[in-house]
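The values are calculated or read from the model by the stated rules, or taken from the named source; none is laboratory data. All values derive from a computational prediction rather than experimental measurement. Please note: Cβ atoms are built from the backbone with ideal geometry, for glycine as well, and neighbour counts cover all protein chains shown. Areas reflect the complete protein model, heavy atoms only, side chains present, ligands, DNA and RNA absent. Shrake-Rupley method; radii C 1.70, N 1.55, O 1.52, S 1.80 Å.
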Amino acid sequence: MKHIKVADLMTDEVVSVAPGTAFKDVAKLLVQYDISGVPVLDDEDRVVGVVSQTDLLAHAGPGLDASRQNGTETEPPTAGEVMSAPAITVRAEETVAAAARLMTRRGIERLPVVDVEDRLVGIVTRRDLLRMFLRPDSEIRRRINDEILAEAIGVPAGDVEVHVVDGVVALDGHVELHSQLTALLGLVEQLEGVVTVASHVTVRIDDTGPTHTDHARHAMPW
């Protein structure tokens, strides 16, 4: 099966800031480009953090005029002082499904895309990924049954039941070998349109150890 990568969907023209960028300048960029956050880059274009709308609101306080009236004059915070760090990033070669799960798990809207040296190469958003998750649940279920269970894994029909609701896959049943279960979960998680997987599949024989000649010792209850 061919899996779409983050590199296929990301935007390579990214609005970014330096750690020393003023608070107000970051806010202006978010408004100007209608975005929810910007990556913060060091001198070598490595992503050191992200400033989101939430970060800005959390650090919003009295302005410079108010501080002068109170007899104290403080400098407004910079991007480096309000950013969330370390940044949550994704590699360009990761699958779209993996990026979507990361966004869902961390509750974020945008993911900076980095190379092997953590240098920024693009950005991917929930909006970019959304079209990949508009697949009908019935299509996802069919692909799991036909392409994964029957063709890739070789599990007899009826041994594993597949239920899909809004991209959430539930698997129930049994397989013969532990290696089959490992392959099954890995392939389903990478399938476009799958948000997450809940498995209640059991195995009879653990064939992942150094030897598996003694089937009775490795047997697991149904």
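Sorting S138, S16 by solvent-accessible area of protein heavy atoms yields S138, S16, largest first, with a 1.4 Å probe.
Using a Förster distance of 41 angstrom, determine the FRET efficiency expected from the C-beta separation of D45 and R204, and round it to 0.05.
On the way: r = 52 Å, r/R0 = 1.26.
Result of the calculation: an efficiency of 0.20.
Inter-part distance, the range 163-197 to the range 83-155, computed on C-alpha centroids, equals 15 Å. Please list, by residue number, everything in the range 100-123 whose backbone N is under 14 Å from a paramagnetic label point 7 Å out along Cα→Cβ of I4. Counting only backbone N, you get 100-101.
Summing charges over all other residues whose Cβ lies under 14 Å from the Cβ of D43, with Lys and Arg as +1 and Asp and Glu as -1, gives -3.
Summarising the label geometry, the points placed 7 Å from Cα in the beta-carbon direction at E13 and S179 lie 5.0 nm from one another. Simple spin-label estimate for Q32 and R127 gives 1.8 nm between the two label positions (7 Å along the Cα-to-Cβ direction from each Cα). To the nearest 10 Å², what's L177's accessible area with a 1.4 Å probe? Its accessible surface works out to 50 Å², give or take rounding.
The calculated FRET efficiency for D146 paired with D166, based on their beta-carbon distance and R0 = 25 Å, is about 0.75.
Efficiency by 1/(1 + (r/R0)^6): what FRET value for R135 and D115, r their Cβ-Cβ distance, R0 = 25 Å, to the nearest 0.05? Numbers along the way, then the final one.
Working: r = 30 Å, r/R0 = 1.18.
Taking R0 as 25 Å, the efficiency between R135 and D115 is 0.25.
Taking the Cα centre of the range 1-52 as the origin, how large is its charge dipole in debye, to the nearest 20, when only Lys and Arg (+1) and Asp and Glu (-1) carry charge on their Cβ atoms? Walk me through the intermediate numbers first.
Working: 5 positive and 9 negative charges, 50 e Å.
My answer is approximately 240 debye.
Residues of the range 80-101 with an amide N closer than 16 Å to a point placed 7 Å from the Cα of T196 along the Cα-to-Cβ direction: 97-101.
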